[in-house]
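Asker: Starting off with a structure, shown below.
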Amino acid sequence: MIEIKNINKKYGELVVLDDINVNIKEGMVTALIGPNGAGKSTLLGVISRLIEADSGAVYVDEEPHHKIKLNAYSKMLGILKQTNQIQVNLTVRELVSFGRWPHSKGFLTKEDEEKIDEAIQFLNLKPIEHKNINHLSGGQRQRAYIAMVVAQDTKYVLLDEPLNNLDMKYSVEMMLILQDLVKKLGKTVVIVLHDINIASMFSDYMILMKDGRIYIEGKPNDIMVKEVLDTVYDHDFCIAGVNGKKYCIYYRGENEAYEELSLINS
Amino acid sequence: MQNKQRRIVIILISLLILFIGLYMTTWLIGIDSITVNQLLRGLYRRSSRITAMIVVGITMGLTALVFQTLTQNRILTPSVIGFDSTFILSQTLVVLMFGFSSPILSNAYLNFILSAGLMVLVSFFLYSTILRKGKNNIGLLLLVGLVMRTLMSSLTQFLNRIMDPDTFLTVTSRTMPSLTNMNTTILWTIAIPIMVVVLYLMVKDLKYLDVMILGEDQAKSLGVNYVKITNRNLIYIAILISVSTALVGSLMFLGLITVNISREILKKSYHKPLLIFTSLLSVLLLVAGQYLIQLFQINTSLVVIINLIGGIYLIYMLIKGDKT
């Protein structure tokens with residue numbers, strides 16, 4: 001479990017994280033959601049040690065994370081930031097093999113090669129494993145980066161807005177892969193998302209942030225409440241449901257349009 | 001390495017051996033008689049230059065390659081921080097302050113240590129203040145380096161204007177070291193030992209730099225101590241460029257040309273194969289260029305030609321980059 005205790009972070013006078021206390025439970029997909037500037041990516045950065053908090057502590061498996069050695073930490077927790085637009089001349093397989101760096105230090109063993117193969121298979125990348133990543137579509141490229149984190153073989157997988165630039169089909173495909181990471185490989189996934197409907201449909205737990213604070217946390221259906229979303233996003237929401245899961249409509253127009261949609265889905 | 005790339009490496013090595021052979025022997029053509037001593041002296045001088053070209057070629061290639069990884073920018077070389085400007089300013093100040101006959105100028109060792117040391121000190125000062133204050137912001141380091149470079153060049157120009165013509169001539173000759181007029185004793189006793197050790201340390205770090213091409217956050221997530229490796233390599237670069245500049249002058253565009261040509265041929269981001277290509281290309285450019293200049297008795301130094309080609313290549317890259 002990841003325990004976050006009294007985390008504070010400021011950039012100059014701007015408070016980005018304000019006394020954050022939250023636990024990330026194992027074996028589930030946890031979605032961090034909230035409006036722009038809520039502090040989601042910063043919190044992910046603090047957990048992964050990419051950003052230093054001003055005060056507070058993060059415990060990973062009951063150990064203070066700053067006391068864990070860098071290499072040991074990279075074997076426990078992997079993060080994928082929004083950096084996959086960097087132009088590098090690598091094939092998919094070469095990129096995925098970087099995931100083994102914490103274990104191999106650049107000298108791949110037979111076990112490393114097996115893990116790379118597993119990650120490539122898991123993400124359905126076998127047909128394109130020798131393709132240059134610069135020649136891939138956005139979805140394939142994103143899958144290749146996720147495969148790298150899978151090859152890293154960490155217990156915790158953190159992803160910062162991995163659905164950016166992906167269309168609906170690829171977004172859903174990506175979320176199903178992340179669910180499989182939990183179900184089939186026993187990972188714990190923490191994901192920063194902007195699309196609250198995707199978060200509601202595919203995550204097991206949601207943490208809703210606003211102005212650097214945790215506003216509410218819980219199961220998706222407990223978070224997808226009109227009053228909650230209206231307050232956090234400062235917007236008028238309409239909540240509907242499909243197969244027992246709630247989703248929201250945030251089209252801003254005439255009130256009649258909302259009422260009409262509510263009627264259709266009721 | 002693919003077959004095509006292997007073929008290119010073999011061609012480069014063959015060309016290099018050919019030009020080294022030509023450079024070492026063609027000066028003997030037309031000489032009717034020569035004593036053993038003269039022959040040995042001639043060969044020693046040429047083999048020293050070849051050695052310098054090999055070490056300097058590898059240095060320029062490796063430093064440019066690593067610098068581009070650290071800055072995540074393909075059109076930069078370490079010279080943007082202003083090593084050559086520091087060198088020229090230091091020589092100008094020495095002549096102005098101590099005169100032509102000062103031991104600082106006449107003693108080659110003292111002069112070399114002073115100019116190389118000053119360049120290292122200036123870059124360390126830049127690194128320690130800018131990187132610490134800017135929280136390891138490489139972009140800020142480049143900007144301040146660029147400003148410092150312009151400032152030092154302007155200061156040198158100002159000093160040139162106020163000095164008398166004789167002093168100006170001395171300064172000009174002091175600030176134009178080249179592969180042909182370098183001090184071979186300094187090459188063997190100080191420059192090569194330092195450069196070989198630092199080159200070895202840099203090559204050891206290449207595996208980390210491979211991961212660092214993925215960007216700072218990803219490299220850190222994979223367990224690479226990004227800041228430590230960056231700072232360490234910036235120091236290595238400062239030492240190598242300072243020693244090389246004090247020895248043979250500024251070759252600011254050599255690394256830029258060869259690293260980018262290597263990237264185009266290899267289509268890979270891994271550092272080791274890039275280093276092999278870059279080094280071979282750099283050394284070949286230096287040796288072949290030096291030989292051709294002597295063969296056709298062109299009245300200019302190789303550095304000027306390389307910088308001219310490099311400048312045009314840089315403009316080409318900028319236009320190409322702009323279009324894409």
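Asker: Residues being part of a loop (DSSP other than H, G, I, E, B) and either away from every other protein chain (no Cβ under 11 Å) or open to solvent by 20 Å² or more (accessible area, probe 1.4 Å) (or both): count how many of those fall in segment B:263-281.
Answerer: Selection size over segment B:263-281: 3.
Asker: Right, here's the next one. Return the only residue of A:V60, A:V16, A:V22 being within 23 Å of A:G212 (Cβ to Cβ), open to solvent by 10 Å² or more (accessible area, probe 1.4 Å), touching a residue at least 60 places away in the same chain (Cβ under 8 Å) and among the hydrophobic types (A, V, I, L, M, F, W, C).
Answerer: Within the list A:V60, A:V16, A:V22, the selection yields A:V16.
Asker: Six or more apart or on different chains, Cβ under 9 Å: which pairs go from a residue in segment B:54-82 that's part of a loop (DSSP other than H, G, I, E, B) to one that's surrounded by fewer than 24 Cβ atoms within 10 Å (Cβ to Cβ) and of a type in the set (F, W, Y)? Could you list them?
Answerer: Once the first residue is part of a loop (DSSP other than H, G, I, E, B) and sits in segment B:54-82, its partners that are surrounded by fewer than 24 Cβ atoms within 10 Å (Cβ to Cβ) and of a type in the set (F, W, Y) give B:T77/B:F253.
Asker: All but one of (1) at pLDDT below 85; (2) in contact with a Lys or Arg (Cβ under 8 Å, 6 or more places away or on another chain); (3) outside any loop (DSSP other than H, G, I, E, B) hold for B:S90; which doesn't?
Answerer: (2)
Asker: Determine whether segment A:104-127 contains at least one residue that is within 22 Å of the chain's Cα centre (by Cα), in a helix (DSSP H, G or I) and within 12 Å of chain B (Cβ to nearest Cβ).
Answerer: Within segment A:104-127, not a single residue is within 22 Å of the chain's Cα centre (by Cα), in a helix (DSSP H, G or I) and within 12 Å of chain B (Cβ to nearest Cβ).
Asker: State yes or no: is A:K5 facing another protein chain (nearest Cβ under 8 Å), under 18 Å from A:Y156 (Cβ atoms), charged (D, E, K, R) and in contact (Cβ under 8 Å) with a residue 40 or more places away in the chain?
Answerer: No: the conditions fail for A:K5.
Asker: Provide a single number: the residues in segment A:45-61 that are more than 9 Å from chain B (Cβ to nearest Cβ), assigned to a loop (DSSP other than H, G, I, E, B) and within 22 Å of the chain's Cα centre (by Cα).
Answerer: Matching residues across segment A:45-61 total 4.
Asker: Among the residues of segment B:168-184, is any out of contact with any Ser or Thr (no Cβ under 8 Å at 6 or more places or on another chain) and within 27 Å of A:A72 (Cβ to Cβ)?
Answerer: For segment B:168-184, residues out of contact with any Ser or Thr (no Cβ under 8 Å at 6 or more places or on another chain) and within 27 Å of A:A72 (Cβ to Cβ): absent.
Asker: What are the pairs with Cβ atoms under 7 angstrom where one residue, in segment B:221-234, is within 22 Å of A:Q152 (Cα to Cα) and the other, located anywhere, is part of a loop (DSSP other than H, G, I, E, B) and not acidic (D, E)? Sequence gap at least six, or different chains.
Answerer: From residues that are within 22 Å of A:Q152 (Cα to Cα), the pairs are B:S221/A:S48; B:V227/B:N136.
Asker: Consider B:N260 against the criteria (1) polar (S, T, N, Q); (2) in a helix (DSSP H, G or I); (3) more than 14 Å from chain A (Cβ to nearest Cβ); (4) over 18 Å from B:K207 (Cα atoms): it satisfies all of them except one. Which criterion is unmet?
Answerer: (3)
Asker: Follow-up question, since we're still on this one. From the list B:T59, B:T71, B:T51, exactly one residue is touching a Leu at 6+ places or on another chain (Cβ under 9 Å), hydroxyl-bearing (S, T, Y) and buried (at least 23 other Cβ atoms within 10 Å of the Cβ). Which is it?
Answerer: Being touching a Leu at 6+ places or on another chain (Cβ under 9 Å), hydroxyl-bearing (S, T, Y) and buried (at least 23 other Cβ atoms within 10 Å of the Cβ) holds for just one of B:T59, B:T71, B:T51, which is B:T59.
Asker: I'd like to know if segment B:28-35 contains one or more residues that are surrounded by 12 or more Cβ atoms within 10 Å (Cβ to Cβ) and either charged (D, E, K, R) or part of a helix (DSSP H, G or I) (or both).
Answerer: Within segment B:28-35, none of the residues are surrounded by 12 or more Cβ atoms within 10 Å (Cβ to Cβ) and either charged (D, E, K, R) or part of a helix (DSSP H, G or I) (or both).
Asker: Let me ask another. Scan segment A:92-103 for residues that are open to solvent by less than 40 Å² (accessible area, probe 1.4 Å), more than 7 Å from chain B (Cβ to nearest Cβ) and under 23 Å from A:G186 (Cβ atoms) and jot them down.
Answerer: Correct list: A:V96, A:S97, A:G99, A:R100.
Asker: Which count do you get for residues in segment B:22-62 that are among the small types (G, A, S) and over 24 Å from the mean Cα position of the chain (by Cα)?
Answerer: 3
Asker: Checking A:S41 against (1) open to solvent by 10 Å² or more (accessible area, probe 1.4 Å); (2) hydroxyl-bearing (S, T, Y); (3) within 14 Å of another protein chain (Cβ to nearest Cβ); (4) farther than 23 Å from A:E217 by Cβ, which test does it fail?
Answerer: (4)
Asker: Given (1) at the interface with chain B (Cβ under 9 Å from one of its Cβ atoms); (2) modelled with pLDDT of 90 or more, where does A:N89 come up short, assuming only one miss?
Answerer: (2)
Asker: What are the pairs with Cβ atoms under 7 angstrom where one residue, in segment B:181-197, is touching a residue at least 40 places away in the same chain (Cβ under 8 Å) and farther than 15 Å from B:N107 by Cα and the other, located anywhere, is assigned to a helix (DSSP H, G or I) and among the hydrophobic types (A, V, I, L, M, F, W, C)? Sequence gap at least six, or different chains.
Answerer: B:A191/B:V243; B:A191/B:L247; B:I192/B:V55; B:I194/B:I239; B:I194/B:V243; B:M195/B:V55; B:M195/B:L240; B:M195/B:V243
Asker: Another one. How many residues, within segment B:221-257, are within 14 Å of chain A (Cβ to nearest Cβ) and either over 22 Å from A:L70 (Cα atoms) or β-branched (V, I, T) (or both)?
Answerer: Of the residues in segment B:221-257, 3 are within 14 Å of chain A (Cβ to nearest Cβ) and either over 22 Å from A:L70 (Cα atoms) or β-branched (V, I, T) (or both).
Asker: Being open to solvent by 40 Å² or more (accessible area, probe 1.4 Å), farther than 23 Å from B:T184 by Cβ and in a helix (DSSP H, G or I) is true for just one of B:I11, B:I17. Which residue is that? Steps first, answer last, please.
Answerer: Working: B:I17 fails: farther than 23 Å from B:T184 by Cβ.
Result: B:I11 is the single residue among B:I11, B:I17 that is open to solvent by 40 Å² or more (accessible area, probe 1.4 Å), farther than 23 Å from B:T184 by Cβ and in a helix (DSSP H, G or I).
Asker: Does A:V157 qualify as being touching a residue at least 60 places away in the same chain (Cβ under 8 Å) and of a type in the set (V, I, T)? Don't jump to the end; show me each part of the working.
Answerer: Working: touching a residue at least 60 places away in the same chain (Cβ under 8 Å): yes; of a type in the set (V, I, T): yes.
Considered against the rule, which asks whether it is touching a residue at least 60 places away in the same chain (Cβ under 8 Å) and of a type in the set (V, I, T), A:V157 comes out as yes.
Asker: If you take the residues of segment B:209-220 that are over 11 Å from B:L70 (Cβ atoms) and open to solvent by 20 Å² or more (accessible area, probe 1.4 Å), which of them is nearest to the other protein chains (Cβ to nearest Cβ)?
Answerer: B:D217
Asker: Here's another thing I want to ask about it. Go through (1) closer than 28 Å to B:N73 by Cα; (2) modelled with pLDDT under 75; (3) open to solvent by less than 80 Å² (accessible area, probe 1.4 Å) and name the single condition B:K135 misses.
Answerer: (3)
Asker: Is at least one residue of segment A:69-81 assigned to a helix (DSSP H, G or I) and more than 9 Å from every other protein chain (Cβ to nearest Cβ)?
Answerer: Looking for residues that are assigned to a helix (DSSP H, G or I) and more than 9 Å from every other protein chain (Cβ to nearest Cβ), one finds at least one in segment A:69-81, hence yes.
Asker: When you look at B:I293, is it away from chain A (no Cβ under 14 Å), in a helix (DSSP H, G or I), touching a helix residue (DSSP H, G or I) at 6+ places or on another chain (Cβ under 7 Å) and open to solvent by 50 Å² or more (accessible area, probe 1.4 Å), yes or no?
Answerer: no
Asker: A further question follows. Filter segment B:179-207 for residues that are within 10 Å of chain A (Cβ to nearest Cβ) and open to solvent by less than 60 Å² (accessible area, probe 1.4 Å) and give the result.
Answerer: The answer is B:L206, and nothing else.
Asker: Report, ordered by the first and then the second residue, all pairs with beta carbons closer than 8 Å, sequence separation of six or more or different chains, a first member in segment A:204-229 that is more than 14 Å from A:T30 (Cα to Cα), and a second member that is basic (K, R) and part of a loop (DSSP other than H, G, I, E, B).
Answerer: Correct list of pairs: empty, since none qualify.
Asker: Taking segment B:221-238, which residues are open to solvent by 20 Å² or more (accessible area, probe 1.4 Å) and of a type in the set (A, V, I, L, M, F, W, C)?
Answerer: Once the filter is applied, which keeps residues that are open to solvent by 20 Å² or more (accessible area, probe 1.4 Å) and of a type in the set (A, V, I, L, M, F, W, C), segment B:221-238 yields B:V227, B:I235.
The values are calculated or read from the model by the stated rules, or taken from the named source; none is laboratory data. Note that the structure is predicted; figures quoted are calculated from it, not measured. Positions of Cβ are backbone-derived with ideal geometry, glycine not excepted, and every protein chain shown enters the neighbour counts. Ligands, DNA and RNA are stripped out before the accessible areas are found, and what is left, the full protein with its side chains, is counted by its heavy atoms. Shrake-Rupley method; radii C 1.70, N 1.55, O 1.52, S 1.80 Å.
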